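As structure tokens, the structure follows; a few thoughts come after it.
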Amino acid sequence: MIIIKPATVTAATLTATNVAETDYAVWSAGTYTLGTRRIYDHKIYEVVAASTTAQPDVGAAAVPASWLYVSATNRFKMFDISVGSGTTNASSINVTITPATVCNSVVLFDVDGATAQLIVRTSGGTIVYNQTVSLTDYTGLNSYFNYYFLPIAETGATELAFIDIPNYSGATFQLIISAGAGTASCGEMIIGQKSVLAVTNFGTSVGIKDYSVKTIDDFGNVSITTRPYSKRADYDVTVETADVGQFNKFLASIRSTPAVYIGDPDRGETIVLGYYRDFNVVLSNPSISECSLSVEGLI
Amino acid sequence: MPYTAISTLPVSPSRLGDPTNFISESLAFLDAQINFASNCNTVASYFNAAKFDPYNWGDLSAVSGSSPVYISSFIAAPPTVPPMLGTELADSIDGLLSSMVAFVPDANIVGTWIDTLVNPSAPVIVDPTRPTISTVNATPLRNDGQLTFESKAISFYGSARSFSLSLQQFADYVATFSSGLEDWNGIEVVYTDTDDWGLINE
């Protein structure tokens, strides 16, 4: 099992992007009326008072609030670590990040396009990693019948992990998601330092939690409001008994912290961004110990 | 009956290369395969029953210009499923369908050339070495169930490849026949021409 603790991506570390930040006008001092939306600190806020002159972040924290935080801007949605929001851009998304810490892993969630290319350059500009991955997943194609009739939409990869990146201090990470004439999108991009802690076993279970709502009116008519979903996983892992102490300490250190949990990098369904709910280690014998780890996904 | 050309197939679909148009193209191709199989079987029946003039043996004039012609684009070997799966399988079927499109004009050139040597009034020749053009099995249909579709697809694509190979073998035979290199051993010429009294002419 691999766990990646995300590095925070801010306007300072997002050193280049082709995604415009024009969702709404940028806030400036003045009077704003109910329903007006403005961008402040790369976040979108909406006025929820009759009128306000407050700065959005201050107004959102005030009681009663005069501003309401809506979401990150389109440019920053792929870095906001939240359910159901993602960055979209016509044809391609091309972003460059220069993290403040050494990072050796990049994981993409809810990514859509034709290809994803990651180029890592040293601080001197030398390319030390360059990998292009097709976002088309054909693992379900197993017959002539499926060749003809398996819907194209079901062949898209949604999670993608680059976890073999060499360690360089001050490196820049350029991600290019190409969609040709279509729209490129990325639900979340996580960049961080990986920790390989255990071996994931068969017996691990994965699933999703759907936030869609079904309502039935007085006449029995059913309507379904489709909402985002998040993944969940119960990992069955094996830890060397000698490493159990370190394993416990690491998990304790990331409690209540969103992180990427990867059961098997080649199985996208075992890649979850979220919090662990609980874990339990059984000291089975002197050499190996069994552990169960439950993770609630954010995406 | 002259040689009946195999109709040109539509654009071959490509799951990997052109997923945007794949659905419409693949269904059109699936339907076109029905006519393709019928055309191939007409060709096989025609040439398997065709007669060639034994007095042309050794007549190199029959093999002139760029003839005998050859098929350069045979129908590709269909993938075996499993073990071939996923992207590899999609790529292989893409290639298979593409090879069928390329095969049709080659087959028609070869078929037209063979047809120039067919002589309906020639005597029947019993030649155990004469190859037979294999027929093409029924195509999978869009309204077939999954299991039926699968078995018919495997059978169809395999027989289509056999057809392409056997057509070239037949062309080779006719070319050899016409250029006088045929081994006479085992070949029996059956004269069917009779006189007014019902006697066979020799």
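Throughout, read-outs are computed from the coordinates displayed, never taken from laboratory work. None of the values given here were measured: they were computed from a predicted structure. So basically every Cβ, Gly included, is an ideal-geometry build from the backbone, and we count neighbours across all protein chains shown.
Between the stretch A:39-64 and the stretch B:80-147, what is the C-alpha centre distance in whole Å?
71 Å
Just checking the output field for B:16-27: average partner chain Cβ neighbours within 10 Å of each residue's Cβ?
If you average over the peptide's residues, the count of other-chain Cβ atoms is 2.
Per DSSP helix of 4 or more residues, -39500 (n - 2.57); summed, then divided by the residues of chain A. What does that give at 222 nm, rounded to the nearest 500? Provide the component values of the computation, followed by the final result.
Numbers: 3 runs with 22 residues, N = 299.
After summing the helix terms and dividing by residue count, I get -2000 deg cm²/dmol.
Considering every residue in B:85-96, what mean count of other chain Cβ atoms within 10 Å of its Cβ is obtained?
Counting Cβ atoms of other protein chains within 10 Å of each residue's Cβ and averaging gives 4.
Given axes a ≥ b ≥ c from the Cα gyration tensor, I'd like to know whether the protein assembly as shown is rounded (a/c under 1.5), prolate (a/b larger than b/c) or oblate.
On the way: a/c = 3.03, a/b = 2.54, b/c = 1.19.
Prolate.
Express the relative contact order of the stretch A:83-180 as a whole percentage, based on alpha carbon pairs under 8 Å and six or more residues apart in sequence.
Relative contact order of the stretch A:83-180: 50 percent.
For the stretch A:44-145, what does the alpha-carbon gyration tensor say about shape, rounded, prolate or oblate, given a ≥ b ≥ c as the root eigenvalues, a/c under 1.5 as rounded, and a/b over b/c as prolate? Don't skip to the answer; put the middle values down first.
Details: a/c = 3.44, a/b = 1.72, b/c = 2.00.
Here the stretch A:44-145 falls in the oblate category.
Would you mind giving the mean number of other chain beta-carbons within 10 Å of the Cβ of each residue in B:135-145, as a whole number?
Average neighbour count from other chains, rounded to a whole number: 1.
Can you list residues whose amide H is under 5 Å from residue A:66's amide H, if they're 5+ apart or on another chain and H is modeled 1.01 Å from N?
Residues meeting the amide H criterion: A:60.
Treating cross-link reach as a plain straight distance, find the lysines whose alpha-carbon is under 16 Å from the alpha-carbon of residue A:209, omitting any fewer than eight places away in the same chain.
Partners within reach: A:231.
Would you kindly state the longest site-free stretch of chain A, with sites defined as trypsin sites (Lys or Arg not before Pro) in a DSSP loop (not H, G, I, E, B) surrounded by at most 15 other Cβ atoms within 10 Å?
A:1-254
For chain A, what does the relative contact order come out to in percent, with C-alpha contacts under 8 Å and a separation of six or more?
After rounding, I find 20 percent.
Any of A:5/A:77; A:77/A:214; A:5/A:43 with alpha carbons more than 21 Å apart? Name them for me.
Too far apart for the 21 Å limit: A:77/A:214; A:5/A:43.
Using DSSP to call loops (not H, G, I, E or B), can you name the chymotrypsin sites (Phe, Trp or Tyr not before Pro) in the stretch A:185-247 whose Cβ has at most 13 other Cβ atoms within 10 angstrom?
A:211, A:219
From the Cα gyration tensor of chain A, with a ≥ b ≥ c the square roots of its eigenvalues, which class applies: rounded if a/c is under 1.5, or else prolate if a/b is larger than b/c, or else oblate?
rounded
Separation of the stretch A:238-299 and the stretch A:117-136 by C-alpha centroid, Å?
What the calculation gives is 29 Å, centre to centre.
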